[in-house]
Amino acid sequence: MQSLPVEYFAALAELPNCRHVFTQRIAGIDVSHDKAEVLKRLDAAHCEIRDAICVGDWPLLTAQQIHGNRIAIADAPVERNKEFSGRDGIITDQPRVALGVYVADCCAVYIVDPKTPVIGLVHSGRKGTELGVVPNAITQMIERFGSNPAELIVQLSPCIRPPHYEIDFAATIIEQCRAQGVKRIYDSGTCTACDLEHYYSYRAEKGRTGRMLALLGFK
């Protein structure tokens, strides 16, 4: 696992039943193509990483990611991979299901309720943040599954930040979570556009780049 280009977040790693990872730039793969082709080229490496964190045989749930604020709710057993159309995040109370979000400057926001348990994974860039996609996910967790926001753990992935981007939407996401009563909020603090050796950046690479994969699930 040491050789794979991935990172973990301490706040999530301490949860015994949680599985998570954030992939980094994968060397040797030409990603100067459109998103669909790029994801095909990265798929084998992403599958290897899923296997390495022991979620390779779990169904993978992803969102279409249209920079909106709608959240998919997976509250029934899932048997196969599925992409939710018109959604930018997914929440579930189902064990042994992997949630996935692809980013290349936008923020992947991991949300874990270790008590219920319920998990959420959200794609939030500038537009999604303005539309309140993360608060919407938290609200859905409260209303649908009875989560207590004071018990939630929120982790922000690497994303683009000033001065490489004119808006600090990561800071806005943190403010939004605090406004909903979330107390445990963690931010990687890393700017994707600052470190092209380890991350893909849509802005810095003018749209012809790869995607990092955020994964989250629980046993």
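A few points about this structure:
- Spacing of the modelled spin labels on Gln64 and Glu79, each 7 Å from Cα toward Cβ, amounts to 2.5 nm.
- Of the two radii for the range 111-202, the radius of gyration is 1.00 times the Kirkwood radius, both from the alpha carbons; that is the Rg over Rh value.
- Ellipticity estimate at 222 nm from DSSP helix runs (n ≥ 4, -39,500 (n - 2.57)) divided over the chain, nearest 500: -7000 deg cm²/dmol
- All C-alpha pair distances within the range 10-69, sorted into 5 Å bins from zero, spread as 4, 13, 21, 21, 20, 15, 6, 1 percent across the bins.
- Sites Asp34 and Asn148 - FRET efficiency at Förster radius 45 Å, r taken between beta-carbons, to 0.05: 0.60
- Taking the inverse of the mean 1/r over every pair of distinct Cα atoms in the range 76-138 gives a Kirkwood hydrodynamic radius of 12.5 Å.
- Computed on the Cα atoms alone, the convex hull of the chain gives a volume of 109 cubic angstrom per residue.
- Ranked list, fewest to most other Cβ atoms within 10 Å of each Cβ, for Val101, Val122: Val101, Val122
- Partners for Lys127 among lysines (Cα-Cα distance below 29 Å; same-chain residues under 8 apart left out): Lys35, Lys40, Lys82, Lys183, Lys206
- Within the straight-line cut-off of under 17 Å between alpha carbons, the lysines reachable from Lys219 are Lys115, sequence neighbours fewer than 8 places apart in one chain being disregarded.
- For the range 32-174, the relative contact order works out to 21 percent when only alpha carbon pairs closer than 8 Å and six or more residues apart are counted.
- Among Gly28, Gly132, Gly56, residue whose mean-square fluctuation peaks in a GNM of the chain (springs only between Cα atoms under 10 Å): Gly28
Read the figures in this text as sums done on the coordinates, not as results from a lab. Keep in mind the model is a prediction, meaning the values are calculated, not measured. Glycine also receives a Cβ, built like all others from the backbone with ideal geometry; neighbour counts cover every protein chain displayed.
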